[in-house]
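First the structure, in the form of structure tokens, and then the observations on it.
Throughout, read-outs are computed from the coordinates displayed, never taken from laboratory work. Model, not experiment: these values are computed from the prediction.
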Amino acid sequence: MPELSDFRLGSTVVDSQGNTAGTLVSVIVDEQGFDPRSIVVKDEVTLAGRLLSSEKFKTTDEVVMPITVVDSATHDEVKLSISAAEVRKYPLYLRYRPQEETPGEAVLEEGELLGGGLGLPKLDEIANKPDGQIEIDRGENVMLGTTGHRLGRVEDVLFDHGELIGVVIRPDGFFKRDVVLPTRFINRADDMALFADLTESDIEQLKPFVDAE
């Protein structure tokens, strides 16, 4: 496992020759245990041309690659062990394809077209990751258990020697400044939110995040 103590969302990603390859936008971790598995990088070069000829997909410019291609990470930069050309050989992370319509929806859509509506297709988003793994990205909701109350949103991730030890929360009413939520308090997670099991005392004892420049 590479040294990821300074692994940061939004960091510049460079290839093995030191050329900019993109920006780190997400990390993919196990839903249970939060072991890091992959990274999602917004490619510096537009990837709109990488459309699969056999599928009518709308593509993005984000690629997913295993965490093992990370050679090292500093506060502002993630260095890969591969070239930029090799980066672009990895698959796109998100793709979109039209949803299958029920007969009723098809009739409704036809009516909208006849009435002058846009008739834009509904799209399914497909993330290129196995079941049992989740993405953590900036802006993701952090919820307080099953109360429906939001503690805040993910601002960053904190790693120590390759292990995810916590997330930085941007406050949403509970706090006055960014705080660190250790992973031991996260009892459930999906691609939409992290769910923290915290008592009022636990919340009061969360440490402020000090960004060491």
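Exceedance of the 22 Å cut-off in Cα-Cα distance is limited, within the set Lys79/Lys207; Lys42/Lys176; Lys176/Lys207, to Lys79/Lys207; Lys42/Lys176.
Within the stretch 143-205, the percentage of alpha carbon pairs spaced more than 17 angstrom apart rounds to 33%.
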